[in-house]
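*Asks:* Here it is, the structure, as structure tokens.
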Amino acid sequence: MQFITAKNDLLLTERIEKKPMLRTRFTNQAYFVLAALLDLIDQRILSIRNNQLAIENEEKLTHLPAYLNGLKAKITAAVKQKQPLETALDFITSWDIANEIYDGIGSELLESGLVEKTSVKTNLDTHVIYLPTAAARNQVITSLKEQMKIRKMQPSAINLVIIYEQLNALKWLFQDKTELAELTRNFHQNVDSLLFYQQKNRLVKIAQEIITKKKFWYDSWLS
């Protein structure tokens, strides 16, 4: 099982200049979990039916890596309870699940030489961080740029664009405004009419609403 979207999201997102993005930032963590969920859909382990998550391949789900046990448990419960997506996707905001996936995928990227393992001390704790190499990050950016130019994009590339459009983050990857406008126009011309794009885009929008509501709840609780 290759979590291409989640791995590329880590390579593009993780930073430690101010705070570790995928260790301490709630929004980035939630979208990282969502990226892993989209990978499960791309692998046809999960699907979306009637505004609910559905398990397409029970055997593959069972044999996913141990670092996905928390995610698997939440998905299985949501499916059994027939929760609508607006309720089921609440698990993407789980700090525990985000960190379990981060440690698992980070270790895999470390074995591939795409990240360096380091530690960062914040005012609350010391965190193990998988910091992407400059070469690995640039390779993902270059690949994504090329994918956005062609008609038959890889599912993982479509996932990243949908997520980063929700985050308004594409401008940080492609800083030339003219180039970004052309890439975005090309992307939407190629995918907007595709059913699986529309389904994924709706899923990400529902996730964005859940993330926003949870952030407001945290802010009110902490204030």
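The values are calculated or read from the model by the stated rules, or taken from the named source; none is laboratory data. Computed from a predicted model, the values in this text were never measured in an experiment. Every residue, glycine as well, gets a Cβ built from its backbone with ideal geometry; the counts of neighbours run over all protein chains shown. All accessible areas refer to the heavy atoms of the entire protein, side chains included, with ligands and DNA or RNA removed. Shrake-Rupley method; radii C 1.70, N 1.55, O 1.52, S 1.80 Å.
*Asks:* Pick out which of LYS19, LYS60, LYS177 has the largest mean-square fluctuation in a Gaussian network model of the chain, springs linking Cα atoms closer than 10 Å.
*Replies:* LYS177
*Asks:* Most mobile of ALA98, ALA54, ALA35 per a Gaussian network model of the chain (Cα springs, under 10 Å)?
*Replies:* ALA54
*Asks:* Net charge within 15 Å of LYS171 by Cβ-Cβ distance, Lys/Arg positive one each and Asp/Glu negative one each, not counting LYS171 itself?
*Replies:* -1
*Asks:* Right, another one. So what's the Cα pair-distance distribution over the range 122-223, bin width 10 Å, in %?
*Replies:* The distribution over the range 122-223 is 12, 35, 30, 17, 4, given as percents.
*Asks:* Test of understanding: what is the full-extension gain from GLU182 to GLU111, defined as 0.36 nm times their sequence separation minus their Cα-Cα distance?
*Replies:* Taking 0.36 nm per residue and subtracting the Cα distance, the gain is 22.0 nm.
*Asks:* I'd like the carbon and sulfur percentage of the solvent accessible area for the range 123-174, probe radius 1.4 Å, heavy atoms only, ligands and nucleic acids excluded.
*Replies:* The computed percentage sits at 52.
*Asks:* Just flag the GluC sites (Glu not before Pro) in the range 1-77 sitting in loop per DSSP whose Cβ has no more than 13 other Cβ atoms within 10 Å.
*Replies:* The qualifying sites are GLU17.
*Asks:* How high is the relative contact order of the range 73-133? Use alpha-carbon pairs under 8 Å, at least six apart in sequence, and give a whole percent.
*Replies:* Reported relative contact order: 20 percent.
*Asks:* Let me ask something else. State in Å² the accessible area per residue of the chain; use a 1.4 Å probe, count heavy atoms of protein chains only, and round to the nearest integer.
*Replies:* On a per-residue basis, 54 Å².
*Asks:* Could you calculate the FRET efficiency of THR126 with LEU195 from 1/(1 + (r/R0)^6), where r is the beta carbon distance between them and R0 is 41 Å, rounded to 0.05?
*Replies:* Working from the Cβ atoms, E equals 0.35.
*Asks:* A 18 angstrom limit on the alpha carbon distance is what I want to check against. Which of LYS149/LYS177; LYS80/LYS215; LYS19/LYS121; LYS152/LYS200; LYS60/LYS117; LYS177/LYS200 exceed it?
*Replies:* The pairs that break the limit, which is 18 Å between Cα atoms, are LYS80/LYS215; LYS60/LYS117; LYS177/LYS200.
*Asks:* If you don't mind, there's one more thing I want to ask. If each DSSP helix of 4+ residues adds -39,500 (n - 2.57) and the sum is divided by the residues in the chain, what number results at 222 nm, nearest 500 deg cm²/dmol?
*Replies:* -19500 deg cm²/dmol
*Asks:* Scan the range 80-135 for trypsin sites (Lys or Arg not before Pro) in coil per DSSP, keeping those whose Cβ has at most 16 other Cβ atoms within 10 Å, and list them by number.
*Replies:* Of the trypsin sites (Lys or Arg not before Pro), the ones in loops of the range 80-135 whose Cβ has at most 16 other Cβ atoms within 10 Å are LYS82.
*Asks:* Let me ask another. If Lys and Arg each add +1 and Asp and Glu each add -1, what is the summed charge of the other residues whose beta carbon sits under 13 Å from the beta carbon of ASN51?
*Replies:* Surrounding charge for ASN51 is +3.
*Asks:* Below 8 Å, C-alpha to C-alpha, sequence gap of six or more: please give me the relative contact order for the chain in percent.
*Replies:* 23 percent
*Asks:* Any idea how far apart GLN175 and LYS19 come out in nm if each label point goes 7 Å out from Cα toward Cβ?
*Replies:* About 2.4 nm, to one decimal.
*Asks:* Given contacts defined as C-alpha pairs under 8 Å and at least six residues apart, what's the relative contact order of the range 1-63, whole-number percent?
*Replies:* 26 percent
*Asks:* Now a separate question. Would you mind telling me which residue in ASN159, ASN201, ASN190 has the biggest mean-square fluctuation in a Gaussian network model of the chain, where springs connect alpha carbons within a distance under 10 angstrom?
*Replies:* Checking each option, the largest mean-square fluctuation is seen for ASN190.
*Asks:* Per the 1.4 Å probe, what fraction of the accessible area of the range 64-107, in percent, lies on carbon and sulfur atoms?
*Replies:* It is 55 percent, rounded to a whole number.
*Asks:* What's the whole-number percent of alpha carbon pairs in the chain lying beyond 28 angstrom?
*Replies:* For the chain, the fraction of Cα-Cα distances above 28 Å is 29 percent.
*Asks:* Also, quick follow-up: May I ask you to list the residues of the range 50-90 whose amide nitrogen lies under 17 Å from a point 7 Å from Cα along the Cα→beta-carbon direction of LYS214?
*Replies:* 53, 68-79, 83-90
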